[in-house]
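The structure appears below as structure tokens.
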Amino acid sequence: MTTELAANGKPFVHNHGAHCETAVTSALFRYQGVDISEPMIFGIGSGIFFGYLPSVKLVHLQVTAFRNRPGSVFRKAAQRLGANLVIKTYRDPQKGMNELRQVLKAGHIVGLATNLYWLPYVSERHRHNFGGHNIIALRETEGGFRISDPTFGDPVDCSSEGLEQARFVPGPNNPRGFMYYTKSINPHPDLRQACIKGMKNSCGLMLRIPLPIFGVRGMRFLAKKIIKSEDKLGFEGACRNLAGTVRWVEETGTGGAGFRYMYAAFMQEASELFGSEDLARLSRDMTTIGDTWREFSVMSARIIKQRNKTEATFANAGGLILKCADLEEAFFKNLQKAVKKLKA
Amino acid sequence: MDIEDEIFSDGLPKAYYKHDDKGRYVLETDAPWAEKVSCALIIAGNRANLEEIRKAVLAGQKSPLCYYMELRQMDPGMLAKAAGIATFRVKRHLRPEIFAKLKPSVLDRYSKALRIPLEELKTVPNI
């Protein structure tokens, strides 16, 4: 945790967060004096999700998403908490950068969507061609900007050209200069109502989408693919695919176990907010689900490293995902029942 | 130095939610072991793939466009959208004999889409 000064001299507290979008939204709210944590935003914005997209590929590996599509968590959370935001995209890079400078001068802090590949300060392992990484611009400095990237520990400096390149990238992963800042924020948001809305929405997303690639159905689909993958792709190809999946579980800013630990943290906070024993029990269930996902990634790492060959097989790894699917189906059905009893 | 240690000693740790002894969730910065293993496998694979393509370009089997496309983590479909050239044409331009005959106007579009200077686009780094 470090304190920085924003453009108008107001102190801004940089918190280390697990995920870019939720942490940025929480920082924007905190800056305006509404103390709301990262897991809370994640829960209210219905961030938890599962989607296995075999046709979308990043560097030859399939996308397995553990959260809702980029931008939706932030939009939903802002709407449910009654925040009035200005959201803009641009075609012309020059215009986008000029307006960013003007808004910073007016004393706002600005959330920006950037392409991770082009941000000058990230290292090789963070470099994906992904156009939805969120950062906060604090103020303009000489030849650049002061940036608070909540996925990293400290605020960083970023050159002006570097930021422009990251905000405007040719091709399908172009964030198109997406930027947002708060116009006004409800200083006393109705957290209970917002939590209930978020939880109900999450249950629907996980259980009711009638397509085989989303929600708990998607998990079962992925499990079947993993079990068959060794016969289809050979050992090395299957290992690479499995490593790709594990990267989506652990690495891409999930806070561990594919956002499941973060959601458990949200349930913990919500149970204190409502004083509900049901939610506290569900939080412990979510932790169990998170542990099962972690077990899956450890088992996958053993397969890759070829340790303990009798236990660590593709069939067992797929079996763990099937177990996760069953546990999550039960969890969200219980959550649906528990939410009905809550009073706003 | 091991590749796992190499890529994870970049001074930019991520945060992970973990239980503390009282059962509350707190943030820690130790990356899980499974993440290190899979990340190392993927990055080593990407590096090897890029190196293989570079050698193929030097041997005259692939065009330099293929190398720079891989460097920017794109596939022909993405590059086609970025440059405004049809996908089947991009795929053809991955062959060296066809790439050699390209007009400067087409090369210019690729150089803008990939952010590689026009001169560099015609060759690959020969280490």
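Looking at A:H14, A:H19, which is the one that is at negative phi and within 16 Å of the chain's Cα centre (by Cα)?
A:H19
Working carefully through the options A:R30, A:R75, A:R80, find the one that is away from every other protein chain (no Cβ under 14 Å), farther than 18 Å from A:N115 by Cα, among the basic types (K, R) and surrounded by 21 or more Cβ atoms within 10 Å (Cβ to Cβ).
Going through A:R30, A:R75, A:R80 in turn, the sole match is A:R80.
Restricting to the range B:70-96, name every residue that is of a type in the set (A, V, I, L, M, F, W, C) and within 11 Å of chain A (Cβ to nearest Cβ).
Across the range B:70-96, the qualifying residues are B:L71, B:M74, B:M78, B:L79, B:A80, B:A82, B:A83.
Inspect all residues belonging to the range A:314-337 and state whether any of them is facing chain B (nearest Cβ under 10 Å) and touching a Phe, Trp or Tyr at 6+ places or on another chain (Cβ under 8 Å).
The answer is no, given that none of the residues of the range A:314-337 is facing chain B (nearest Cβ under 10 Å) and touching a Phe, Trp or Tyr at 6+ places or on another chain (Cβ under 8 Å).
When A:R302 is evaluated against the numbered criteria (1) within 12 Å of chain B (Cβ to nearest Cβ); (2) touching a helix residue (DSSP H, G or I) at 6+ places or on another chain (Cβ under 8 Å), which criterion, by number, is the only one it fails?
The single condition A:R302 does not satisfy is (2).
For the range B:59-78, does any single residue satisfy the condition of being touching a residue at least 60 places away in the same chain (Cβ under 8 Å), surrounded by 14 or more Cβ atoms within 10 Å (Cβ to Cβ) and either in contact with an Asp or Glu (Cβ under 8 Å, 6 or more places away or on another chain) or not in a loop (DSSP other than H, G, I, E, B) (or both)?
The answer is yes; a qualifying residue exists.
Say whether the condition of being touching a Leu at 6+ places or on another chain (Cβ under 8 Å), modelled with pLDDT under 90 and of a type in the set (K, R) is met by at least one residue in the range B:12-31.
yes
Which numbered condition in (1) among the β-branched types (V, I, T); (2) surrounded by fewer than 14 Cβ atoms within 10 Å (Cβ to Cβ); (3) in a loop (DSSP other than H, G, I, E, B) is the only one that B:I85 fails?
Only one criterion in (1) among the β-branched types (V, I, T); (2) surrounded by fewer than 14 Cβ atoms within 10 Å (Cβ to Cβ); (3) in a loop (DSSP other than H, G, I, E, B) is unmet by B:I85, namely (2).
Restricting to the range A:123-147, name every residue that is within 14 Å of another protein chain (Cβ to nearest Cβ) and buried (at least 21 other Cβ atoms within 10 Å of the Cβ).
If the condition is that a residue be within 14 Å of another protein chain (Cβ to nearest Cβ) and buried (at least 21 other Cβ atoms within 10 Å of the Cβ), then A:R125, A:H126, A:G131, A:H133, A:I135, A:I147 are the ones that fit.
Exactly one condition in (1) among the hydroxyl-bearing types (S, T, Y); (2) surrounded by 20 or more Cβ atoms within 10 Å (Cβ to Cβ); (3) assigned to a helix (DSSP H, G or I) is not met by B:S111; state its number.
Only one criterion is unmet by B:S111, namely (2).
The values are calculated or read from the model by the stated rules, or taken from the named source; none is laboratory data. The structure displayed is predicted, hence computed values, not measured ones. Virtual Cβ from ideal backbone geometry, glycine too; neighbours counted across all protein chains shown.
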